[in-house]
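The values are calculated or read from the model by the stated rules, or taken from the named source; none is laboratory data. Keep in mind the model is a prediction, meaning the values are calculated, not measured. Glycine gets a Cβ as well: all are built from the backbone with ideal geometry, and neighbour counts include every protein chain shown. With ligands, DNA and RNA removed, areas are computed over all heavy atoms of the protein, side chains included. Shrake-Rupley method; radii C 1.70, N 1.55, O 1.52, S 1.80 Å.
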Amino acid sequence: MMLSFVSLLSFTLLFIHGGSTQPPFACDSSNPETKNYLFCQTELPITQRARDLVSRLTLDEKISQLVNSAPAIPRLGIPAYEWWSEALHGVSNVGPGVKFDGTIKAATSFPQVILTAASFDPYQWYRIGQAIGREARAMYNAGEANGMTFWAPNINIFRDPRWGRGQETPGEDPFVVGKYAVSYVRGVQGDTFQGGKLHGHLQASACCKHFTAYDLDNWKGTNRFLFDARVTVQDLADTYQPPFEKCVRDGRASGVMCAYNRVNGVPSCADSSLLFKTLRGEWDFKGYVTSDCDAVAIIHNDQGYAKAPEDAVVDVLKAGMDLNCGSYLQNYTKSAVLQKKLPESQVDRALHNLFAVRMRLGLFNGNPVPNPFGNIGMDQICSPEHQILALEAARNGIVLLKNDAKLLPLPKSTMSLAVIGPNANSPQTLIGNYAGPPCKSVTPLQALGSYIKNTVYHPGCDTVSCSTGAIDKAVDIAKRADYVVLIMGLDQTEEREALDRVDLFLPGRQQELIVSVAKAAKRPVVLVLLSGGPIDISFAKDDPRIGGIFWAGYPGEGGGNALAEVIFGDHNPGGRLPVTWYPQDFTKVPMTDMRMRPESSLDYPGRTYRFYKGDTVFEFGYGLSYSKYSYSFTRVSQNNLYLNHSSSLHTKETSESVRYRLVSEVGAEICDERKITVHVGVKNNGELAGKHPVLLYVRHGNHGNGRPKKQLIGFRSVILSGGEMGEIQFEVNPCEHLSRANEYGLMVMEEGRHFLVVGDDKHPITIII
């Protein structure tokens, strides 16, 4: 019902299929000279082709290619290339690589990542990445994009609830963020969901950012350009680095972006330990490393880490960075070479990586049409399939936080509905940041109005900041309606890149508006929050006049329809919070403090559900449904895990006399042999069918002393009809899932009892050393 009505109302595709131009490419077979170039011979290994190409360039030509806007090299038939494009949750026009000013006017706008993560559905994440990759390639094939390297996903941990860019991330849990990174990257780059099928060719190139420990933009005078993140090796090992390791090792990302900030005194883009030792050495990274934009310039100009511009160039290239977003390398690399500070071989090394990625994209294989991904056409952009996926992602992400007395879903027979709030009729708020123009735009007000003919609207506040408002008028409207839906929260004026929040309350007079309307309404009201970061709504949680609460993130182009479907029961909500919702009191903790683990002697509560000791408004993983679900462990393949298989392994003890073994010494073969298969029974005890994510945690029997309180180790969704039972299976790898980082940053497995936990049920696993 909803889609057909809205289709007539405002389903307008904002692009026209028609005369496209061919994208630029090198190695045109109609040019006889290309036969003499080894870099054009597709049967040769890409490494050999890239080396041949670089060997033909002059020093000036080489330097010209080290920046994001790489000019053409006409004498070799090499066209210009733009490295900087964005596709965080849909192809975007934020970077210069994509403009939407030609034949194509829009692309599918999926929910902002934080809401997509709330579905806890990796296959859905993969499908979104796949759709974005196909639309990106279609734009390039149509000659309307200047590059196919997209600087997404953002896989930094949402460490602090005030972070303006937390909305761009999959949340606070490294395991979830790593899973999202792998799924998204495989989808964008054209791999299968399981991975391993790329065979060198890329549909589009994904870039995992911002490496590493970047999660502060601009807070109380501290900005990301000058911030020095002081991070323990323990926190690096189990919080900040795992998503990037997953992105590289399992996702096989072809790009990584180094961050603005310093980590323990060293700029990320000048840190050879990060870029060479860890990224290329330990993780076997094969792609290119780009700086964040102007991150090289600030190493000298702002941070003072490099004494001269040429020293900054030397620092980053020797550390393993390949590409400068900006012009700094273009301006100072030649003088660094002429001053004998930088060997030309370092420039060559960077260019080998850069041209190899362009070759993997098929840009040096002649006419792209007959080549892999060359036949992806404009019909993929804003396709019905992709728009349905955007709607589905919004549906599956929306989180029901409160439903007193089963107020929800609202009856469709409702005679009158009041819709109040500054976010009710704002299409721009729905799409968040790093978004391109969406294929269509349906606001929550329009979607709700398609259900209830007699729908009356008032914004209540002038803007989200709600410094002035017409609360009295909103109250008058609420008094006359059968039901009231308030659509409140934040937008990009309150949280975004370069803008962190200083508190966790709703802005301005929003709380006053909500309470006043709830007090005047005939029945308990429904509160909908649009936001990226958590909000302290303790007042609403505890107010019986506010009967229902939803968090809907920034739900993308399908968000208005999805929200209406959930409110009126055409979809049973199943999303779960991917971040902890802290009370306002948490803002006493400096945002600059990177420690994850609590220190009670210093009154430091720790961060995220794994370590935080304090009150919450809502916990990580919280989310209600119109059904109730119950769980039980039905079968576990083994209860005792023996690691005393080899006398050659060194058994050690912690300061608490707990015996442990290093994961690195156990080895992959033993880890695979000791895998545990876990079966969990799930029952839908309600009447409505629903899709429900099941979260599996592990808890050490002796948590404390730096151990997490609990750690998510698996999640899977199950679709059950009312009253139906089902069973899902998890595979637990002891080396990955039952280990922890010690204070030296080493992963260890400790002897003793561990507990698998799902819902209220737990099952013991004993590790014996």
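Name the single residue that is nearest to Arg137 (Cα to Cα) among those in the stretch 338-355 being of a type outside the set (D, E, K, R) and open to solvent by 20 Å² or more (accessible area, probe 1.4 Å).
So the residue we want is Asn353.
Hey, can you tell me all the residues within the stretch 186-210 that are more than 18 Å from Pro111 (Cβ to Cβ) and in a helix (DSSP H, G or I)?
Arg186, Gln189
Inspect all residues belonging to the stretch 362-384 and state whether any of them is of a type in the set (Val, Ile, Thr), part of a helix (DSSP H, G or I) and within 29 Å of the chain's Cα centre (by Cα). Break it down stepwise before answering.
Restricting attention to the stretch 362-384, the residues satisfying the condition of being of a type in the set (Val, Ile, Thr) are 369, 376, 381.
Narrowing the set further to residues that are part of a helix (DSSP H, G or I) leaves none.
For the stretch 362-384, residues of a type in the set (Val, Ile, Thr), part of a helix (DSSP H, G or I) and within 29 Å of the chain's Cα centre (by Cα): absent.
Can you tell which of Gly614, Gly667 is free of Cβ contacts under 8 Å to residues at least 12 places away in the same chain and either open to solvent by 20 Å² or more (accessible area, probe 1.4 Å) or touching a helix residue (DSSP H, G or I) at 6+ places or on another chain (Cβ under 6 Å) (or both)?
From the options Gly614, Gly667, the qualifying one is Gly667.
Within the stretch 250-257, identify whether any single residue is open to solvent by 50 Å² or more (accessible area, probe 1.4 Å), in the same structural domain as Arg159 (by the TED database) and closer than 28 Å to Phe193 by Cα, and answer yes or no.
Yes, some residue in the stretch 250-257 is open to solvent by 50 Å² or more (accessible area, probe 1.4 Å), in the same structural domain as Arg159 (by the TED database) and closer than 28 Å to Phe193 by Cα.
So which pairs qualify, if the first residue must be in the stretch 488-505 and not assigned by the TED database to the domain that holds Gly432, the second must be polar (S, T, N, Q) and open to solvent by 10 Å² or more (accessible area, probe 1.4 Å), the Cβ gap must be under 6 Å, and the two must be at least 6 apart or on different chains?
Qualifying pairs under 6 Å: none.
Among the numbered conditions (1) in contact with a helix residue (DSSP H, G or I) (Cβ under 8 Å, 6 or more places away or on another chain); (2) in a loop (DSSP other than H, G, I, E, B); (3) of a type in the set (Gly, Ala, Ser), tell me where Gly95 comes up short.
(1)
Within the stretch 127-153, which residues are surrounded by fewer than 24 Cβ atoms within 10 Å (Cβ to Cβ) and within 30 Å of Thr580 (Cα to Cα)?
Across the stretch 127-153, the qualifying residues are Arg127, Gln130.
Return only the number of the condition from (1) buried (at least 18 other Cβ atoms within 10 Å of the Cβ); (2) touching a helix residue (DSSP H, G or I) at 6+ places or on another chain (Cβ under 6 Å); (3) outside any helix (DSSP H, G or I) that Gly560 does not satisfy.
For Gly560, the exception is condition (3).
Just the residues that are at negative phi and open to solvent by less than 30 Å² (accessible area, probe 1.4 Å), please, taken from the stretch 446-460.
Ala447, Leu448, Gly449, Ser450, Tyr451, Ile452
I'd like the full set of residues that are over 22 Å from Val233 (Cα atoms) and surrounded by 15 or more Cβ atoms within 10 Å (Cβ to Cβ), limited to the stretch 702-723.
Gly714, Phe715, Arg716, Ser717, Val718, Leu720
Let me spell it out: the conditions are (1) over 16 Å from Tyr240 (Cα atoms); (2) crowded, with 24+ Cβ neighbours inside 10 Å; (3) out of contact with any Ser or Thr (no Cβ under 8 Å at 6 or more places or on another chain), and Ala106 meets all of them except one. Which number is the exception?
(2)
In the list Val182, Val177, Val91, which residue meets the criterion of being outside the structural domain of Gln584 (by the TED database) and open to solvent by 10 Å² or more (accessible area, probe 1.4 Å)?
Result of the check over Val182, Val177, Val91: Val182.
Filter the stretch 31-46 down to the residues that are assigned to a helix (DSSP H, G or I), open to solvent by 40 Å² or more (accessible area, probe 1.4 Å) and touching a residue at least 60 places away in the same chain (Cβ under 8 Å) and list them by number.
Answer for the stretch 31-46, where residues must be assigned to a helix (DSSP H, G or I), open to solvent by 40 Å² or more (accessible area, probe 1.4 Å) and touching a residue at least 60 places away in the same chain (Cβ under 8 Å): just Ile46.
Specify the residue that is nearest to Tyr626 (Cα to Cα); the eligible residues are those in the stretch 652-709 that are out of contact with any Phe, Trp or Tyr (no Cβ under 9 Å at 6 or more places or on another chain) and acidic (Asp, Glu).
Within the stretch 652-709, the match that is nearest to Tyr626 (Cα to Cα) is Asp672.
Just for the stretch 219-239: of the residues that are closer than 23 Å to Thr278 by Cα and in a strand (DSSP E or B), which one is most open to solvent (accessible area, probe 1.4 Å)?
Asp228
Looking at (1) assigned to a loop (DSSP other than H, G, I, E, B); (2) within 18 Å of Thr443 (Cβ to Cβ), which one does Val566 not meet, given that it meets all the others?
With (1) assigned to a loop (DSSP other than H, G, I, E, B); (2) within 18 Å of Thr443 (Cβ to Cβ) applied to Val566, the lone miss is (1).
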